[in-house]
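Presented below is the structure to which this report refers.
The values are calculated or read from the model by the stated rules, or taken from the named source; none is laboratory data. Note that the structure is a prediction, hence the values are computed from the model and not measured. Heads up, the Cβs are rebuilt from the backbone with ideal geometry, glycines too, and the neighbour counts pull from every protein chain shown. These area figures cover heavy atoms from the full protein model, side chains too; ligands, DNA and RNA do not enter into them. Shrake-Rupley method; radii C 1.70, N 1.55, O 1.52, S 1.80 Å.
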Amino acid sequence: MDILGLINVPGWVLTIIMILITLYLYSLWYQSLWSRLGIAGPRPIPFLGVLPLYMKQGIAKGDLQLTKTYGSVVGIYQGHLPVLLVSDPEMLKEIFIKDFSNFTNRPIPFKMAKENASGVAAAYDNHWKFLRSTISPTFSSGKLKLMVPKIQKCCTDLIENIQQHSDQGEPVDMKEVCGAYTMDVIASTAFGIDVNSKKNPNNAFVKHAKQAALGQIFKPQLLIIMIFPFVKNWFTVLFADKEVGEFFKSVVESASELRKKGQEVYNDFLQLMLTARRDENQSEYFTTGDLKEFKNRGLNDMELIENAVTFFIAGYDTTANTLSFACYCLATNKDVQDKCIEEIDNILHGESPQIEDLSKLEYLDRFFNEVLRLHGAALRFSREGKQDITVKGVYIPKDIDVSVPIYALHRNPLYWPDPEKFDPDRFTKENKAKRPEYAFVPFGIGPRICIGMRLALLEAKMALVFMLQSFSFSPCDKTEIPVEIELGAVIRAKNGIPLKVNKRQ
């Protein structure tokens with residue numbers, strides 16, 4: 001084909017050029033929303049948006065760089081999917097609490113498998129309300145108190161595990177031992193299973209639990225959906241590998257049948273959900289519906305299995321990572337460690353902690369909050385609006401992913417002077433009163449706050465008390481300062497956290 005009589009271009013080449021131009025214009029249109037709305041953000045790379053930044057630096061440091069450069073409201077594109085990063089505490093209050101009826105749901109940019117849609121983490125609207133109200137009593141103070149003996153047993157196993165390493169004069173990888181501990185806690189409190197994962201590393205439960213760990217940034221299907229959002233209903237994406245899902249499904253079903261036949265009384269998550277189950281409508285699948293209709297039934301089989309699996313996947317690895325970083329913070333801040341030990345000794349006098357004792361350990365609470373500020377596992381939490389809305393002068397279209405960059409918010413010098421310094425006294429009553437209420441959000445905020453928060457705090461603090469009654473921690477030659485973190489979607493030490501463990505006299 002002649003072009004202006006100057007050059008002869010084969011038709012197939014011209015076709016390719018036209019396709020590329022069309023795709024480029026398609027990309028420009030998809031990535032024009034924030035500029036049209038006057039919201040600051042980085043210039044997006046065609047088709048990819050900020051994905052190269054996250055692939056290079058990870059979500060944590062990527063979000064930190066973006067908020068430092070563009071402020072507390074940043075418009076970005078993950079591929080062609082627009083995301084609004086919001087880290088202004090007053091806006092968070094409006095979106096996640098005052099306007100929660102509009103921002104009830106989490107953004108799910110793909111077609112969910114029915115199993116995942118039956119979990120409290122991903123369910124929509126009235127289905128979510130039904131699941132939340134049905135499952136929430138499981139995490140009441142009274143129910144958690146019944147689980148304390150199981151947690152204490154796991155703490156004893158943890159101390160024995162650390163002692164074995166210490167006796168050999170080896171550094172102890174706290175990422176590994178804390179992972180074994182939280183796995184044992186979740187296995188016993190969720191399923192009533194005694195795993196002892198350190199002594200039985202080849203246990204099928206241990207194998208599949210590690211496969212289920214959260215954190216992969218982008219799966220191939222998600223990358224395709226990010227670049228071509230119109231294909232989102234072409235893929236059904238599972239949150240966990242099919243093999244993992246099938247294994248835990250069999251665990252739940254076997255444990256449920258065993259409980260029907262046996263006489264033993266179980267005080268765990270699974271038993272409490274079984275108590276809430278009824279037999280009618282077992283095969284019915286809901287994502288929307290009338291709340292009265294939900295209230296007239298209990299959990300069906302799919303909901304019971306999926307929420308048990310969700311509880312495990314969400315609770316195992318995240319708590320392990322935060323607890324291992326807590327040990328790192330003790331080792332690298334000797335004065336803080338000494339204060340924690342002194343408080344524990346003065347209040348407990350060597351006795352095993354009970355749930356009532358934890359509330360008396362005020363300095364330990366401040367310490368752990370500071371660990372959560374700097375090293376809390378979650379990097380973001382998100383919602384999407386059902387209707388267009390304007391919040392503090394910022395227009396937010398419906399169906400847009402509104403995400404809170406927790407890592408960046410917890411390092412904002414406006415609220416946290418010298419943000420990288422580890423200082424538990426940031427959480428004294430006086431200092432808390434000096435900053436906005438929602439400048440600290442390690443578990444999210446509002447009605448959809450992390451449902452397992454109380455259990456996570458209980459098992460982490462209980463483990464810290466047990467460990468500090470027996471040991472102190474210090475850096476060794478293999479300790480990274482600072483710790484290099486993985487590039488995934490949760491805070492996790494890339495090379496473990498090896499520490500020297502010193503037995504207390």
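What ratio of Cα Rg to 2.2 N^0.38 Å holds for the stretch 338-405?
1.88
Over the Cα atoms of the stretch 414-505, what is the Rg over Rh ratio if Rh follows Kirkwood?
Rounded to two decimals, Rg/Rh equals 1.00.
Which value at 222 nm does the chain reach when only helices count, each DSSP H run of 4 or more adding -39,500 (n - 2.57), with the total divided by all residues and rounded to the nearest 500 deg cm²/dmol?
Values: 20 runs with 250 residues, N = 505.
My calculation for the chain gives -15500 deg cm²/dmol from helical runs alone.
Helix 11-30 versus the longest principal axis of the chain: what is the Cα-based angle in degrees, 0 to 90, to the nearest 10?
50 degrees
Hey, can you rank 477-489, 348-360, 457-469 by average C-beta count inside 10 Å, highest first?
457-469, 477-489, 348-360
Would you please give the FRET efficiency between Ile19 and Met55, computed as 1/(1 + (r/R0)^6) with r the Cβ-Cβ distance and R0 = 25 Å, to the nearest 0.05?
Calculated value: 0.45.
For the stretch 405-442, run through the GluC sites (Glu not before Pro) and keep only the ones in DSSP coil with at most 12 other Cβ atoms within 10 Å of their Cβ.
Glu420
Calculate what fraction, in whole %, of the accessible area of the chain sits on carbon and sulfur atoms when a 1.4 Å probe is rolled over the protein chains.
55 percent
Hey, how many Å between the Cα centroid of the stretch 94-132 and the Cα centroid of the stretch 402-450?
25 Å
Counting Lys +1, Arg +1, Asp -1, Glu -1, what net charge surrounds Val73 among other residues with beta carbon under 14 Å of its beta carbon?
So the surrounding residues net to -3.
Out of Ala489, Ala190, Pro89, whose Cα points farthest toward the positive end of the dipole of the chain (charges: +1 Lys, Arg; -1 Asp, Glu; placed on Cβ)?
About the Cα centre, the residue reaching furthest to the positive side is Pro89.
Considering amide H positions built from the backbone, and no H for Pro or chain starts, which residues 5 or more places from Leu499, or on another chain, come under 5 Å of its amide H?
Those lying under 5 Å, H to H, from Leu499 are Val172, Asp173, Met174.
Label-point separation (nm) for Ser141 and Ile355, each offset 7 Å from Cα along Cα-to-Cβ?
0.9 nm
Any idea of the accessible area per residue across the chain, 1.4 Å probe, to the nearest Å²?
Result: 46 Å² of accessible area for each residue.
Note the angle between two axes, namely the Cα long axis of helix 334-348 and the longest principal axis of the Cα atoms of the chain, as a number of degrees from 0 to 90, rounded to the nearest 10.
Long axis of 334-348 versus the principal axis of the chain: about 50 degrees.
For an R0 of 51 angstrom, estimate the FRET efficiency from the Cβ-Cβ distance between Lys153 and Phe228 and round to the nearest 0.05. Show your work: numbers first, answer last.
On the way: r = 51 Å, r/R0 = 0.99.
Efficiency for this residue pair is about 0.50.
Given a cut-off of 28 Å, name the pairs among Lys421/Lys478; Lys143/Lys503; Lys421/Lys494; Lys421/Lys461; Lys111/Lys145; Lys114/Lys392 whose C-alpha atoms lie farther apart than that in the structure shown.
From Lys421/Lys478; Lys143/Lys503; Lys421/Lys494; Lys421/Lys461; Lys111/Lys145; Lys114/Lys392, over 28 Å: Lys143/Lys503; Lys111/Lys145; Lys114/Lys392.
Just the number, please: Stokes-Einstein D of the chain in µm²/s, Kirkwood Rh from C-alpha pairs, 37 °C, 0.692 mPa s.
Working: Rh = 24.6 Å.
It comes out at roughly 133 µm²/s.
Taking every pair of alpha-carbon atoms in the stretch 51-99, give the share separated by more than 17 Å as a whole percent.
Result for the distance tail: 41 percent.
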